[in-house]
Amino acid sequence: MYLVTGGAGFIGSAVVRMLIRRGAAVVNVDKLTYAGNLDSLSEVEADSRYAFERADIGDADAMRRIFERYRPTGVFHLAAESHVDRSIDAPADFIATNIVGTSVLLGQARRYWTSLPTDRARTFRFVHVSTDEVYGSLGAHGHFTEHSPYAPSSPYSASKASADHLVRAWHRTYGFPTLVTSCSNNYGPYQFLEKLIPLTILNALASRPIAVYGRGENVRDWLHVDDHADALLAVMERGRIGATYAIGARAERRNIDVVEAVCGILDELRPRSGGSRYRELIEFVADRPGHDYRYAIDPSTIERELSWRPTELFDAGLRKTVAWYLENEAWLDRVRSGAYRGERLGLGTGV
């Protein structure tokens, strides 16, 4: 039995689905904030090996009860506020969940771990899922590695950096068996609509302006969510306690190139009336505060130590992703009817 925090989110739900497909039992712990969506787990919700607990990782009593009830063999910690633009507008939410919540979860996980028999305690693992954004911004050259210095730029990345340090401190101070991963930008099905690729699709289908920050020159390294989930399972099963693993697919693209590629796929799969092209909707807007120029991951360590490799090439994966959103407009409609309606975020109100 694995405990997955944030299992109703984009990456968390991919981890849950993959664990169930591979025969594991899972308890999904999710607070169900605006980005949590149980529809993303419809394929596993009736499985006898799947359980759901609606709870906040910052609620110590709830987490203690869940650990004692389910007796997990490991934890995948993905619960987090994760959108940079939202962190600019409301940083306190990110501090509460990503820092305070992680500290509470670590305390309860360690409490449970110390109660285990020696053989079970020896095999228990706590995998903390972080981001390459903790390292700040790269110039035109170079890559992030597990040894890159921390230089977070946004309230989001600063909160994740803080959580990383807490996780490592629990290992060094208490001997708690933790591992940390830092991943590049994820994409794929079930991603919440505030992120670049699904938001581009959403606005294009609605014939709304497709906003691109600055001139779209910022570079991101793209990783399919299923490849990321596969990497996380490899870290849980074979990773070195106390280690950090950088996870990426060596798929760097400028933001404008990604947006134009999405538009081109939509032109093929869902042509606009009158022969116009979706790229005509692209509108360059003022950049967001503290926008990092470039991220790029060197995944050599996880490739070498754990024999992990991504299987999805970006161009093919992007086409599959666009097709999935077109084929699942009912899912889109349910998300659109909720807390997020495609409005511009990250304007820096700092509330």
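The values are calculated or read from the model by the stated rules, or taken from the named source; none is laboratory data. Bear in mind the structure is a predicted one, so any value in this text is a computation, not a measurement. When we count neighbours, we look across all protein chains shown, and the Cβ atoms used for this are built from the backbone with ideal geometry, even at glycine.
Brief remarks follow.
- Neighbours by Cβ (under 6 Å, 6+ apart or cross-chain): first from the range 1-28, in a loop (DSSP other than H, G, I, E, B); second among the acidic types (D, E) and at pLDDT 95 or above: G6/D30; G7/D30; A8/D30
- Any hit, the range 295-317, residues being outside any helix (DSSP H, G or I), under 20 Å from the mean Cα position of the chain (by Cα) and within 27 Å of D89 (Cα to Cα): yes
- Long-range neighbours under 6 Å by Cβ, at least six apart or interchain, first residue free of Cβ contacts under 8 Å to residues at least 12 places away in the same chain within the range 213-236, second aliphatic (A, V, I, L, M) and surrounded by 24 or more Cβ atoms within 10 Å (Cβ to Cβ): none
- Index of the failed condition, P289 passing every other in (1) in contact with a Gly (Cβ under 7 Å, 6 or more places away or on another chain); (2) closer than 30 Å to T178 by Cβ: (2)
- Set A316, A323, A261, A286: member being closer than 27 Å to S154 by Cβ and either touching a strand residue (DSSP E or B) at 6+ places or on another chain (Cβ under 7 Å) or at pLDDT 95 or above (or both): A261
- Taking the conditions (1) surrounded by 14 or more Cβ atoms within 10 Å (Cβ to Cβ); (2) at pLDDT 95 or above; (3) touching a helix residue (DSSP H, G or I) at 6+ places or on another chain (Cβ under 7 Å) in turn, W331 satisfies each one other than (2).
- Candidate set: the range 187-217, residues that are assigned to a loop (DSSP other than H, G, I, E, B) and either among the small types (G, A, S) or touching a strand residue (DSSP E or B) at 6+ places or on another chain (Cβ under 7 Å) (or both); chosen: the one surrounded by the most Cβ atoms within 10 Å (Cβ to Cβ): G188
- Any chance A339 is more than 28 Å from F144 (Cα to Cα) and either modelled with pLDDT under 95 or in contact with a Phe, Trp or Tyr (Cβ under 6 Å, 6 or more places away or on another chain) (or both): yes
- Residues in the range 176-186 that are surrounded by fewer than 24 Cβ atoms within 10 Å (Cβ to Cβ) and of a type outside the set (S, T, N, Q): F176, P177, L179.
- Residues in the range 79-98 that are surrounded by fewer than 20 Cβ atoms within 10 Å (Cβ to Cβ) and in contact with a Ser or Thr (Cβ under 7 Å, 6 or more places away or on another chain): D89, I95.
- As for the range 174-181, it holds at least one residue that is touching a residue at least 24 places away in the same chain (Cβ under 8 Å), under 30 Å from W331 (Cα atoms) and under 15 Å from the mean Cα position of the chain (by Cα).
- A single member of Y295, Y278 is touching a helix residue (DSSP H, G or I) at 6+ places or on another chain (Cβ under 9 Å), surrounded by 14 or more Cβ atoms within 10 Å (Cβ to Cβ) and modelled with pLDDT of 95 or more, and it is Y278.
- Residues in the range 1-60 that are among the basic types (K, R) and either closer than 25 Å to N185 by Cα or surrounded by 20 or more Cβ atoms within 10 Å (Cβ to Cβ) (or both): R17, R21, R22, K31.
- Selected residue (only one of R220, R254, R238 is surrounded by fewer than 24 Cβ atoms within 10 Å (Cβ to Cβ), among the charged types (D, E, K, R) and touching a Phe, Trp or Tyr at 6+ places or on another chain (Cβ under 6 Å)): R220
- Taken over the range 136-176, the criterion of being under 22 Å from T301 (Cβ atoms), touching a strand residue (DSSP E or B) at 6+ places or on another chain (Cβ under 9 Å) and hydroxyl-bearing (S, T, Y) is satisfied by S137, T145, S148, S157.
- Among residues of the range 304-317, those that are of a type in the set (D, E, K, R) and surrounded by 17 or more Cβ atoms within 10 Å (Cβ to Cβ), counted: 1
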